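To start, the structure itself, in structure tokens.
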Amino acid sequence: MKHYDVVIVGAGAGGGIAAGVLANAGKSVLLLERGRPLSFEDVGRDHLRSMRFSRYGVNAGPDLDGVPRVFVEQDGATRIVGPLDGGYHNLAACVGSGTRVYGGQAWRFMPQDFRMASIYGTPAGSSLADWPITYDDLAPFYERVEWEVGVSADCARMSHLPEYHRQYPMEPLPMTRRANRFEQAAQGLNWRTTRVPLLINSKPYGGKPACIHCQHCVGYACPVDAKNGTQSTVIPRAIASGRCTLVTGAMTEKINVDASGRASGVTFHDRDGVRQEVGADVVVAAGGAIETARLLLNSASSREPLGLGNANGQVGRSLQGHYYAGCVGLFEDDIWDGVGPGACIGTCEFNHGNDGIIGGGLLADDFIATPISAWNGMLPPDLPRWGLEAKQWMRKNYRRVADIRGPVHEIPSPECRVTVDTGVRDRFGIPAAKLSGFAHEETVRTANFMDARAREWLLAAGAVDVWGGGHGRYLSGGQHQAGTCRMGDDPHTSVVDASCRVHGHDNVYLADGSVHVTNGGFNPVLTIMALAWRTAEGIAAAW
Amino acid sequence: MPIPPQAPAGALLSIFGAPGVSALRALVDTLIPPDDYPGGWDCGVGDYLERGFTAQLAPHVPLYLACLAALDAEARGHEDRSFAELGLPERTRLLQLLEKDGGAAEWPIAPVRFIRIAAEHAAEGFYADPANGGNKNEISWKMIGFEVVG
């Protein structure tokens, strides 16, 4: 049996970072990824099969067949779902995972985001809790990621955060016409604004070129490789060290442990469907909140028959993602000037300190919507969906609509869960993830509050009509999925400790959004990367 | 203007037959009618559907077969002409009426649902990237001002 210092399961945002840090620290690393490496041509520009509009397929994976999940409806009925179904809560499956096709919004969480229970209390029925670490613990690692992976932004505009120790490596991308309009409107409202930080090069950086401002950013691969995902930065550097082996098409079945709870390695199915076992001194799971929880639950042993790290029934609980609040505004003139990627100006005025509201969220202009995405999601609700009126509305208004949107800080619920269903198995015979629960009512209230702020901003910017908003209760755990294996000092209420090591297991760590206690009112990728960096440095330092 | 009878080669003809293709074309051009830009069919929606019905839209073929027949039956009930023989204003009025009162012919699903599904497919063929078979010469993108760089 082959043996490595470290086996990492999942080559996404967190797993890629962990591979880079550990390989550079001199460890031999096996990086297992269920998807495959995707070239620009592989991802393509199919508007009906992107991560933003997955009507008939998903350009960054997974394959549609042989990867079922079970979704539990609010009335308790269950159905088997595939990746195109909203109930699946899909996350990309390829080298880089979502970072292959994301827009790369690179927000740091705010200090308050790590102390939600202390600030707001714990609402009945929620699992709102503080993180076992603070913003100050993570700040040095945010900075490392900003420089090592590459972020364009302006720290002088980050007035919602403590002072930075170091400016970003690149200036923000250029302001667009609509961003100028929104910035002026915010000034009129006396709201501070910030430039949207992006993992996209605004100048040549890290051996890669600058953004060409194309219209296919979020949901697509970058044609010039100006977008900084793990697949184009830390993973190639890890491989270049000679100490990291990337194996793709490898679906991990379980983490193997001995009688004392110490991991000995993993069992996986290779691209040819051959079941393999490898040994490791340390195992790092980084498959995303749903797949990591599934892996731990499927790694049951005689010592922990309910799953690895699940002696207290915490694995899989408090699955959370982001409700997206916001509205669409219609303007009298072309507010969109065609300059990509589009996300440009944001406000953090409402992430905290909202009277009677728990938390809040970020609001920002959004990436450019393809025409079919705009048709699908940005039309006024009373517009007929066919006929001359629909056609002429698109012709007149595609460049006159703009949306203000943002992720809402969710109030986690312990009943939002990942479990496994042994009666439904994937193509390798591994029990499927089963997703159940729906958001806490406070999340809905916050989302509705944020809708109203988006409306206010659009109207202040001169919108002649505004529509959208309004939220029901549903499970939220898609591309921003988090929770399920939360950090904490108490094994009875958490799965990993403050170093992201699984309670009761000396050598098993997690490096993805699953460890997030709460998921911030921000796109979470920079936090996933920073935390993975901290975890990996901790592993290397202790050994 | 009524849709002239036409006999396209290929998959659509073998699936729907000539009268069915005429009805489909009439439907597409009612959902996305010509104005000073061409209608949906001439912009490639027919090509999109032709490819789609043998691929991702294949599961919808039985629905279209039944619903296009029902559409013809409705048209004959009202005007004693096939759906394709009606002018655009009559076709538009008929679809609006069917959305409202459900029609008299035999429909496998409520006409309002079929019209919504067909409108979505037509929009896919009209607004999505041309590599899917539709949006001929990126005409809808030119129409709305979606200019691709890079």
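The values are calculated or read from the model by the stated rules, or taken from the named source; none is laboratory data. Owing to the predicted nature of the structure, the values given are computational and were not obtained by experimental measurement. As a convention, Cβ positions derive from the backbone with ideal geometry for all residues, glycine included, and neighbour counts pool all protein chains shown. Heavy atoms of the whole protein, side chains included, go into the accessibility calculation; ligands, DNA and RNA do not. Shrake-Rupley method; radii C 1.70, N 1.55, O 1.52, S 1.80 Å.
Data overview
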| quantity | calculated |
| --- | --- |
| Residues of the stretch A:200-220 satisfying the condition of being over 22 Å from the mean Cα position of the chain (by Cα) and away from chain B (no Cβ under 14 Å) | A:Ser202, A:Lys203, A:Pro204, A:Tyr205, A:Gly206, A:Gly207, A:Lys208 |
| Given (1) under 30 Å from A:Val58 (Cβ atoms); (2) assigned to a helix (DSSP H, G or I), index of the condition B:Lys100 fails | (1) |
| Scan of the stretch B:79-111 for residues that are polar (S, T, N, Q) and open to solvent by less than 30 Å² (accessible area, probe 1.4 Å), ordered by number | B:Ser82 |
| Meets criteria (outside any helix (DSSP H, G or I) and open to solvent by 10 Å² or more (accessible area, probe 1.4 Å)) for A:Leu319 | no |
| Single residue of the stretch A:35-54 satisfying the filter (open to solvent by 70 Å² or more (accessible area, probe 1.4 Å) and assigned to a loop (DSSP other than H, G, I, E, B)) that is nearest to the other protein chains (Cβ to nearest Cβ) | A:Arg52 |
| Residue pairs meeting the criteria (Cβ under 6 Å; at least 6 apart or on separate chains; first more than 14 Å from chain B (Cβ to nearest Cβ), in the stretch A:221-238; second part of a loop (DSSP other than H, G, I, E, B) and surrounded by fewer than 24 Cβ atoms within 10 Å (Cβ to Cβ)) | A:Ser232/A:Asp225 |
| Positions within the stretch A:103-128 being open to solvent by less than 30 Å² (accessible area, probe 1.4 Å), under 30 Å from A:Thr230 (Cα atoms) and either modelled with pLDDT under 95 or part of a loop (DSSP other than H, G, I, E, B) (or both), in sequence order | A:Gly103, A:Gly104, A:Ala106, A:Trp107, A:Arg108, A:Phe109, A:Met110 |
| Pairs where the first residue, in the stretch B:124-135, is within 7 Å of chain A (Cβ to nearest Cβ) and the second is open to solvent by 10 Å² or more (accessible area, probe 1.4 Å), C-beta under 6 Å, 6+ apart | B:Tyr127/A:Trp375; B:Asp129/A:Arg45 |
| Single match in A:Ala369, A:Ala364, A:Ala374 (criterion: within 14 Å of another protein chain (Cβ to nearest Cβ), under 30 Å from A:Leu198 (Cα atoms) and outside any helix (DSSP H, G or I)) | A:Ala369 |
| Residue identified as assigned to a strand (DSSP E or B), among the β-branched types (Val, Ile, Thr) and farther than 22 Å from A:Ala18 by Cβ among A:Val339, A:Val328, A:Val283, A:Val278 | A:Val328 |
| Any hit, the stretch A:351-358, residues being more than 28 Å from the chain's Cα centre (by Cα) and surrounded by 22 or more Cβ atoms within 10 Å (Cβ to Cβ) | no |
| Tally of residues being surrounded by 24 or more Cβ atoms within 10 Å (Cβ to Cβ) and within 22 Å of A:Ala447 (Cα to Cα) across the stretch A:328-346 | 6 |
| Lone unmet requirement of (1) in contact with a strand residue (DSSP E or B) (Cβ under 9 Å, 6 or more places away or on another chain); (2) surrounded by 21 or more Cβ atoms within 10 Å (Cβ to Cβ); (3) not β-branched (Val, Ile, Thr) for A:Asn180 | (2) |
| Options A:Ile372, A:Ile404, A:Ile368, A:Ile411; residue that is aliphatic (A, V, I, L, M), within 30 Å of A:Gly35 (Cα to Cα) and open to solvent by less than 10 Å² (accessible area, probe 1.4 Å) | A:Ile372 |
| Given (1) under 20 Å from the mean Cα position of the chain (by Cα); (2) charged (D, E, K, R); (3) closer than 30 Å to A:Asp337 by Cβ, number of the condition A:Glu410 does not satisfy | (3) |
| Hits in the stretch A:29-57 - residues which are touching a Ser or Thr at 6+ places or on another chain (Cβ under 8 Å) and closer than 22 Å to A:Phe268 by Cβ | A:Val29, A:Leu30, A:Leu31, A:Leu32, A:Glu33, A:Arg34, A:Gly35, A:Arg36, A:Pro37 |
